[in-house]
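Trainee: Have a look at the structure that comes next, please.
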Amino acid sequence: MKKPAKAAIAGHAAAHSHSHDHKHCVEDALAAAEQLCAAKDLRFTPLRRRVLELVWSSHKPVGAYALLDQLRNEDLGSAPPTIYRALDFLIEHGLIHRIERMNAFVGCSHPGEAHRGFFLICSDCGNAEELEGDGLSEAIATAAQRRGFTAREMTLEVTGLCADCRKD
Ligand SMILES: [Zn+2]
Ligand SMILES: [Zn+2]
Ligand SMILES: [Zn+2]
């Protein structure tokens, strides 16, 4: 990992463009989470909401320590175990994803849909863009099945340079 996850909290770049109104991404993500939790009869507690909002503070994956740092001074019952449980909840219900290679979290751009996304991670700006890879995940599942292996989780992480960074 080239850049500390901590920097991600302050970041404000987008997956598609370096300048867009990221406020809308955050609003959409929070609204989608509210709907999903209401539909599944799940409690979208203030802490879960706040953690989701912080993960969505940019399109760069955010590390757990950066979240802990941020929440330390907020009054939401933010002991580390509570925050980890909130992260687990958000992952379990598909609202965020863990980027394993960075040990960091990024908001899901289409929660509630059955999907096996894959990520394009820019090693320059740190943005992680989630793409649908239906054909791709099917190909992997089929290859696994031929080995008698049932694929359960799949997160493909592709690193490289995004279009914006290639221009610079
Ligand atoms: Zn955005
Ligand atoms: Zn997703
Ligand atoms: Zn980039």
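The values are calculated or read from the model by the stated rules, or taken from the named source; none is laboratory data. Because the structure is a prediction, the values reported are computed rather than measured. Because the Cβ atoms are built from the backbone with ideal geometry, glycine has one as well, and the counts that use them run over all protein chains shown. Ligands, DNA and RNA are excluded from the accessible area calculation, which covers all protein heavy atoms including side chains. Shrake-Rupley method; radii C 1.70, N 1.55, O 1.52, S 1.80 Å.
Trainee: If the requirement is being touching a helix residue (DSSP H, G or I) at 6+ places or on another chain (Cβ under 8 Å), under 18 Å from ALA32 (Cβ atoms) and among the hydroxyl-bearing types (Ser, Thr, Tyr), which of these qualifies: SER78, SER57?
Mentor: Just one listed residue meets the conditions, SER57.
Trainee: Residues ALA163, ALA104, ALA139, ALA79: which one is within 16 Å of ligand 3 (Cβ to nearest atom) and exposed (fewer than 14 other Cβ atoms within 10 Å of the Cβ)?
Mentor: ALA163
Trainee: A follow-up question, please. Which number in (1) within 24 Å of CYS122 (Cα to Cα); (2) away from ligand 3 (no atom under 16 Å from the Cβ); (3) crowded, with 18+ Cβ neighbours inside 10 Å marks the one condition that ASP28 misses?
Mentor: (3)
Trainee: Is it the case that segment 144-158 has a residue that's part of a helix (DSSP H, G or I), within 16 Å of ligand 2 (Cβ to nearest atom) and open to solvent by 50 Å² or more (accessible area, probe 1.4 Å)?
Mentor: no
Trainee: Please verify whether SER137 is in a loop (DSSP other than H, G, I, E, B) and on the phi < 0 side of the Ramachandran plot, treating the condition exactly as stated.
Mentor: Taking the combined requirement at face value, the residue does not satisfy it.
Trainee: How many residues are surrounded by fewer than 24 Cβ atoms within 10 Å (Cβ to Cβ) and in a helix (DSSP H, G or I) if we restrict to segment 40-68?
Mentor: Qualifying residue count, segment 40-68: 11.
Trainee: Hey, could you check segment 91-120 for residues that are within 16 Å of ligand 1 (Cβ to nearest atom) and in a loop (DSSP other than H, G, I, E, B) and say which is nearest to the chain's Cα centre (by Cα)?
Mentor: Looking at the filtered set, the residue picked out is CYS108.
Trainee: Okay, moving on. Somewhere in segment 121-130, is a residue within 13 Å of the chain's Cα centre (by Cα) and surrounded by fewer than 18 Cβ atoms within 10 Å (Cβ to Cβ)?
Mentor: no
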